[in-house]
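Shown next, in structure tokens, is the structure this report addresses.
The values are calculated or read from the model by the stated rules, or taken from the named source; none is laboratory data. No experiment lies behind these values; they were computed from the predicted model shown. Reconstructed Cβ throughout: ideal geometry from the backbone, glycine too, with neighbour counts over all protein chains shown. Surface accessibility is based on the protein's heavy atoms, side chains included, excluding ligands, DNA and RNA. Shrake-Rupley method; radii C 1.70, N 1.55, O 1.52, S 1.80 Å.
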Amino acid sequence: MNQASTTRLDGKAMAALLRAEVTQEVAELHRRGVQPGLAVLLVGDDPASAVYVGSKLKACAETGIHSVQARLPANADAAAIHRQIDEWNADNAIDGILVQLPLPKGIDTQAVIERVGPFKDVDGFHPENLGRLAAGRPGLVACTPAGIMDMLARWGHAANWTLAGKHAVVLGRSITVGRPMALLLMQADATVTICHSRSLDVAGWVARADLLVAAVGSPRIVQGDWLKPGSVVIDVGIHRGSDGRLTGDVDFNGALGRVAAITPVPGGVGPMTIAQLMRNTVLACRWRQRV
Ligand code: GUN
């Protein structure tokens, strides 16, 4: 396989398609007098988090979704965070609540996640929504894994590639990506292996993956020669190197010419996550308001 034969999965282009669909749906809701609304809470002054929140609010404006933002200082106590969430839980103009993670040290993140009403949990991190996913019941699904499924469906449809019967290997078991990802892949009839920090012979599992989803959080830890030739690679990692360039969990150049398709970093999974957040906000609006 030469380098040209590896498809770069264009997350920006696919996210634009998904966002256009959501924008149309929002316009239809507006015609019926319904305005979906998203509330975003940013605690502390992590510059990367501020950039992500900015992108989410911009996407709301472009999609026609009403948005509000609240900021709390890095030394805010848990009670202040819970008060803000309670206010939005009770606000009928708000359909979705997103608390940007990570939270400052000392804050119990799980308690904050569980404070958000499950109907407004557009991140899909609440145990009720994760439980619904595990049970195969409808609910709000975490944006990154849901966006990846959308991407695989769009590309798979065009490339005549399907997940059914494939061996999917997920690297990472977080509630934000790895766990919901594995459940969605299983739901789509893949055979799923989850590897994590205590797994043995990760390279050996990766070598047997028809689909690899890397959500480890270590730059270029997955080497090109680990990958199964002809496989599909989804790279969730995003790291800024000392040279200022962004890289993923997978050695992208090492994968080129070896795999059938791979998501670049940036421009792969990231834009899909934001588009999926818009979609989740509309879903939350429709379910809660029964429209
Ligand atoms: N920080 C990084 N990714 C995410 C995400 O998907 N949701 C939230 N709330 N915070 C994040």
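Worth pointing out:
- Whichever residue in segment 82-106 is in contact (Cβ under 8 Å) with a residue 12 or more places away in the chain and over 23 Å from the mean Cα position of the chain (by Cα) and, among such residues, is nearest to the ligand (Cβ to nearest atom): 84
- Considering only residues in segment 192-223 that are in a loop (DSSP other than H, G, I, E, B) and of a type in the set (A, V, I, L, M, F, W, C), the one that is least open to solvent (accessible area, probe 1.4 Å) turns out to be 209.
- Top-ranked residue of segment 176-193 - restricted to ones that are more than 13 Å from the ligand (Cβ to nearest atom) and among the hydroxyl-bearing types (Ser, Thr, Tyr), ranked as nearest to residue 98 (Cα to Cα): 193
- Within segment 86-106, tally of residues that are more than 21 Å from residue 74 (Cβ to Cβ), outside any loop (DSSP other than H, G, I, E, B) and either small (Gly, Ala, Ser) or open to solvent by less than 40 Å² (accessible area, probe 1.4 Å) (or both): 1
- One residue alone among 109, 144 is touching a residue at least 60 places away in the same chain (Cβ under 8 Å), polar (S, T, N, Q) and either open to solvent by 10 Å² or more (accessible area, probe 1.4 Å) or farther than 29 Å from residue 264 by Cα (or both), and that residue is 144.
- Whenever a residue of segment 49-67 is under 16 Å from residue 96 (Cβ atoms) and open to solvent by 50 Å² or more (accessible area, probe 1.4 Å), its partners that are within 13 Å of the ligand (Cβ to nearest atom) and of a type in the set (S, T, N, Q), lying with C-beta atoms within less than 7 angstrom and at least six residues away or across chains, give the pairs 52/100.
- Selection of segment 147-175 for residues being of a type in the set (Gly, Ala, Ser) and either open to solvent by 40 Å² or more (accessible area, probe 1.4 Å) or modelled with pLDDT under 95 (or both) yields 153, 158, 159, 164, 165, 174.
- Residue 38 meets all of the listed conditions (1) in a loop (DSSP other than H, G, I, E, B); (2) open to solvent by less than 20 Å² (accessible area, probe 1.4 Å) but one, namely (1).
- Residues that are of a type in the set (Lys, Arg) and either within 13 Å of the ligand (Cβ to nearest atom) or under 27 Å from residue 57 (Cα atoms) (or both), drawn from segment 239-287: 240, 245, 279, 286
- Taken as a whole, the condition of being farther than 22 Å from residue 57 by Cα, aliphatic (A, V, I, L, M) and more than 16 Å from the ligand (Cβ to nearest atom) does not apply to residue 111.
- Looking only at residues in segment 124-150 that are in a loop (DSSP other than H, G, I, E, B) and under 19 Å from residue 172 (Cα atoms), the one that is farthest from the chain's Cα centre (by Cα) is 126.
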